Ligand code: GRF
């Protein structure tokens, strides 16, 4: 399974997937693409001898033009799976439709709770006692695709957003490589907007 990972920043999820691929020869990261040239994840990719490219937005570039360039950069790698790992751009419907059923994302909340940004603070402000991370198939609507796997963490009364984010991050690193592995073993599918594992509705 040829995997392309899209990043914008630190790339700790990329690292977890790189490490997970070591003992999972079915998944092969063939490229890492960033919209930011200084993303630390690019260094992680180099250290593991993975090919990288940057698709940097031009000033005032419209979203559809950017996504067309991104699509070209991705297609060079002929991937079977696109993994969004902290890729901080909203993608156009056309772009998402092109990769439907082949693109996954990790989101730092127990979806459908808290799509979008600042999820940790929002969970604390709501007085939630549980929070977590979700891996889901990507559909045009933001953070709304069918969930494949979630991990829960407790929220303690003394938590701030930073501590909570760290706790959630750890869980992301556990579940994201597992989902990539499932996909590479052909165990996952999205059919009619629903996620299936081994043919069973998730
Ligand atoms: C993660 O919290 C992920 O849930 C969100 O972006 C962050 C990426 O972190 N989508 P990293 O770059 O993988 O360290």
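Apart from one condition, residue 117 fits all of (1) within 11 Å of the ligand (Cβ to nearest atom); (2) closer than 21 Å to residue 28 by Cβ; the exception is (2).
To keep it simple, each residue is scored yes or no on (1) in contact with a strand residue (DSSP E or B) (Cβ under 7 Å, 6 or more places away or on another chain); (2) buried (at least 22 other Cβ atoms within 10 Å of the Cβ); (3) modelled with pLDDT of 95 or more.
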| position | (1), (2), (3) |
| --- | --- |
| 94 | no, no, yes |
| 99 | yes, no, yes |
| 106 | yes, yes, yes |
| 116 | no, no, yes |
| 130 | yes, no, yes |
| 138 | yes, yes, yes |
| 150 | yes, no, yes |
| 153 | yes, no, yes |
| 165 | no, no, yes |
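Please work out if residue 142 is crowded, with 18+ Cβ neighbours inside 10 Å, assigned to a loop (DSSP other than H, G, I, E, B) and out of contact with any helix residue (DSSP H, G or I) (no Cβ under 8 Å at 6 or more places or on another chain). In short, no.
In the set (1) in contact with a strand residue (DSSP E or B) (Cβ under 9 Å, 6 or more places away or on another chain); (2) more than 23 Å from residue 174 (Cβ to Cβ); (3) crowded, with 17+ Cβ neighbours inside 10 Å, the condition left unmet by residue 85 is number (2). Inspect the stretch 186-200 for any residue being within 13 Å of the chain's Cα centre (by Cα) and crowded, with 19+ Cβ neighbours inside 10 Å and give the result as yes or no. No: the stretch 186-200 contains no residue that is within 13 Å of the chain's Cα centre (by Cα) and crowded, with 19+ Cβ neighbours inside 10 Å.
Filtering the stretch 105-129 to residues that are under 23 Å from residue 177 (Cβ atoms) and not in a loop (DSSP other than H, G, I, E, B) leaves 105, 106, 107, 119, 120.
The values are calculated or read from the model by the stated rules, or taken from the named source; none is laboratory data. Predicted model, so just to flag it, every value in this text is computed and none were measured. No Cβ is skipped: glycine too gets one built from the backbone with ideal geometry, and neighbour counts run over all protein chains shown.
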